[in-house]
Every structure is written in C-alpha cells, then in structure tokens.
Amino acid sequence: MKALLILLSFVIGIVLCLHLAMNGSVGNIVNNPRMGNALFWVIGAVAALLIGLTGWEPQFFERLREVPFWLFTAGAMGGCLVFGIAWLIPRLGAGPVMIIMLAGQVLCGLVFSHYGILGSPVSKITGMKILGAFILLVGVFFTVYGDKIASE
C-alpha cells in the first residue's frame, strides 16, 4: 500500500510540473500571465466543486466553523503560488523552477515533519536526512548552474 502512495506522489509531481508549465505557456501565448492564471483558477474551482460534491456531507458546513480562519488563507496562497510559478517558468525554464521548488519543498517538509507542524506525522531530522538534503541542494545547484560552469 505504501508503495502505491509513493507512486501516486511521484505521478502528482509529474502532473504538477505539466500543469504549471501549461499555465505558464498559456500566460505566454496570451501575453498576460495574470489573466491566464485567473482562467486556470476558474476552471480549477469548477473542477474542485464537482470533485467536492462527490463527497457531499450535510455536516460539512457545521464542522467548517471549527477551522481556524487563518487556514483559509491557503486558497489565496495557492493562487499566488500558481501565478508566481507560471510567471517564472517562461523566464527560468520549467526544469530549473521545478527543481528549485522541489528543494524548497523538501527542506520545508523536513521541518514540518520534525515538529509535526499542521498535523504532519512526526519524523525527526537525522544525520542521514541532513545528508540527503545536502546532496539534494548540491544536485539543485549543478542542475541549475552546471551548464554554465562546464562551459567556462
């Protein structure tokens, strides 16, 4: 079962890269990444509502009152993230943007797991995890700047 979850996570990473590159491409084609991003969010909102309705529960709105208000800022964060990424991809390239983002996600994920932030299962940072993060950062550096270093 865990292997399937790992595979699903990997596939979602591929889809995320594809989605964000498509969003950046639309913004580039229409020469207006803000409007391209807004269009994607409207389409995404409709899709999210349709998916959400498949799990309809009348108690949802009652339980919604228990959610701290600040957690709802995640929706605005998502919009800003996708816009920022769609703006960056035509400027830096899909590869560098995704690789740099992955490094940020890994480092943040380590901290969130270490402290159990936002309900994450606790998984303490160890020397091996630090070594892995360091290797990742070195890989990010060479992936983003390796061609420039090799050509000098």
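Quick notes on this structure:
- Among 80-87, 32-39, 67-74, the order from most to least packed when residues are scored by Cβ within 10 Å on average: 80-87, 32-39, 67-74
- For peptides 124-131, 14-21, sequence by mean Cβ density within 10 Å, most packed first: 14-21, 124-131
- The range 1-56: radius of gyration over Cα atoms, expressed as a fraction of 2.2 N^0.38 Å: 1.44
- The radius of gyration of the Cα set in the range 62-111, together with its Dmax, comes out at 14.7, 45 angstrom.
- With each label modelled as a point 7 angstrom along the Cα→C-beta vector, the L18-S113 pair spans 2.6 nm.
- Placing a pseudo-label 7 Å from each Cα along the Cα-to-Cβ vector at L131 and N32 gives an inter-label distance of 5.4 nm.
- Our note on the geometry: Cα centres of the range 75-107 and the range 1-72, 15 Å apart.
- Model label sites at K2 and D147, defined 7 Å from Cα along the beta-carbon direction, differ in position by 3.8 nm.
- For the range 33-76, the alpha carbon positions stretch 37, 26, 8 Å along the principal axes, listed from largest to smallest.
- For the range 14-152, accessible area per residue (1.4 Å probe, heavy atoms of protein chains only), Å²: 72
- Diffusion constant of the chain at 37 °C, which comes from Stokes-Einstein with the Kirkwood Cα-pair radius and 0.692 mPa s, µm²/s: 179
- Accessible surface of the chain [probe 1.4 Å, protein heavy atoms]: carbon and sulfur percent: 76
The values are calculated or read from the model by the stated rules, or taken from the named source; none is laboratory data. The model shown is predicted, which means the values in this text are computed figures rather than measured ones. Every residue, glycine among them, receives a Cβ derived from its backbone with ideal geometry; neighbour counts consider all protein chains shown. Please note that ligands, DNA and RNA were not included when accessible areas were found on the heavy atoms of the full protein model with its side chains. Shrake-Rupley method; radii C 1.70, N 1.55, O 1.52, S 1.80 Å.
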